[in-house]
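The values are calculated or read from the model by the stated rules, or taken from the named source; none is laboratory data. Nothing here was measured: the structure is a model prediction, and the numbers come from that model. When we count neighbours, we look across all protein chains shown, and the Cβ atoms used for this are built from the backbone with ideal geometry, even at glycine. All accessible areas refer to the heavy atoms of the entire protein, side chains included, with ligands and DNA or RNA removed. Shrake-Rupley method; radii C 1.70, N 1.55, O 1.52, S 1.80 Å.
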Amino acid sequence: MPLSDDRRQVATVADLPVPLAKLLWRQHTVYRERDGTAVIRGEDAGRWISLASHGRGRVRVRAGRILDGGTTAPARAETTVPLDGDIARLAACCRGLLAETAGARAAEASAPPPMRTARPRQGSRKAGRRRGTTVLVCAAVVVVGLIAASMFG
């Protein structure tokens, strides 16, 4: 009896991306990076999943966000899953990672902006010394000019 798509057995990492993408998102793009990592992008969800072979019989799964403009943000969640052929269990693991990335995004959005501490900028002491020296030289020139004007004027 053939297995349904969601219970399909998968033998290798190369066989994973397309059936997994169908379980995760209706609209998706699947591609391979140069190092052989498979990436599944769910454009409508604003998330991505990458799958890479991680030792014998294991898959490294990473999840992240898709930024405005279509670039991908660094992975927000990552785990290693045994490649036992159960794609439904792998999809459940991916959904958990995707939920973590969504939770991290919500936490970022609700968090107040970080407080700025008042600290001197690099080189401000040096600039302050230069400015002070310039003021002193200008004052000395004015004093010498006033003395000269009073003596010869």
Quiz item: Roughly how many Å² of residue 66 are accessible to a 1.4 Å probe, to the nearest 10?
Solution: 20
Practice problem: In whole Hz, with x marking every Gly and Pro, tabulate ³J(HN,Hα) for the range 65-73 from phi via Karplus 6.51 cos²θ - 1.76 cosθ + 1.60, θ = phi - 60°. | Solution: 9, 9, 7, 4, x, x, 6, 9, 7
Quiz item: Taking the simple approach of a point 7 Å from Cα along Cα-to-Cβ for both residue 80 and residue 54, what is their distance in nm?
Solution: 0.7
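First compute the accessible area of the range 6-69 with a 1.4 Å probe, then give the percent of it belonging to carbon and sulfur atoms.
Values: 1600 of 3740 Å².
C and S fraction of accessible area: 43 percent.
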Quiz item: Taking amide H positions as placed 1.01 Å from N in the peptide plane, with prolines and chain starts having none, which residues 5 or more places from residue 83, or on another chain, fall under 5 Å of its amide H?
Solution: 58, 59
Quiz prompt | In sequence order, calculated HN-Hα J values of the range 53-58 (Karplus, 6.51, -1.76, 1.60; Hz; x Gly/Pro) | solution = 5, 9, x, 7, x, 10
Exercise. Report the extension gain between residue 44 and residue 12 in nm, rounded to one decimal, defined as 0.36 nm multiplied by the number of residues separating them, less their alpha carbon distance.
Key: 8.8 nm
Exercise. Convert each backbone phi in the range 20-26 into a coupling constant with the Karplus relation 6.51 cos²θ - 1.76 cosθ + 1.60 (shift: θ = phi - 60°), then list the ³J(HN,Hα) values in order as whole Hz, x for Gly and Pro.
Key: 5, 4, 5, 6, 8, 9, 6
Self-check item: For residue 72, residues with placed amide H under 5 Å, excluding near neighbours
Solution: 67
